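Pasting a structure below so you can have a look.
A short reminder: the numbers here are calculations on the coordinates, not readings from a lab. Because the structure is predicted, anything quoted here is derived from the model rather than measured. Counting neighbours? That spans all protein chains shown, and the Cβs are built from the backbone with ideal geometry, glycine included.
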Amino acid sequence: MRRFVFIAFVVLSALLSSGAAPRWEAVDAPGRIFTEQRAEQEGIDVAVNDSAIYVASQHQVSVKVFTILGQLISQETLPAGTHRLQMSAKGIYILKIGTNITRRVTI
């Protein structure tokens, strides 16, 4: 029983210490880093630079970010412009932009 309580405590502590979900922030376009992945028909650019995901769009878009295991870590509707999501953990993430664009990014 003690072992179970200890394991439950460790798991709960790890979940609580993971912090809040990352938040998107509007930024000035940092040069021309937006050549990594482009959806021409949608006017959307996606790039990764310095542990951050950048999305530049000419119009408002809905963006969801998932871990490679499918856990939703960010969901937001972004206005037109360039936005950055600073990632705290390295890994492979899946971006779903709007209804028909899906991209894999590696941090």
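As a footprinting exposure proxy, order Leu72, Leu78 by other Cβ within 10 Å, with the fewest listed first.
Leu72, Leu78
Points 7 angstrom from Cα along the Cβ direction at Leu72 and Ala89: gap in nanometres?
Using points 7 Å along Cα→Cβ, the separation is 1.8 nm.
Counting pairs of Cα atoms in segment 49-90, how many percent are more than 16 Å apart?
Counting every Cα pair in segment 49-90, those more than 16 Å apart make up 39 percent.
Below 13 angstrom from the Cβ of Ile94, what's the summed charge of the other residues (Lys, Arg +1; Asp, Glu -1)?
+4
Sticking with this structure for a sec: Quick one: net charge around Ser74, please, counting Lys, Arg +1 and Asp, Glu -1 for every other residue with C-beta under 15 Å from its C-beta.
After counting each charged neighbour, the total is +3.
Most exposed first by the Cβ proxy, i.e. fewest other Cβ within 10 Å, how do Lys64, Lys90 rank?
Lys90, Lys64
Using Cβ counts within 10 Å as a stand-in for footprinting exposure, how do Arg103, Arg2 rank, fewest first?
Listed from fewest to most nearby Cβ atoms, that is Arg2, Arg103.
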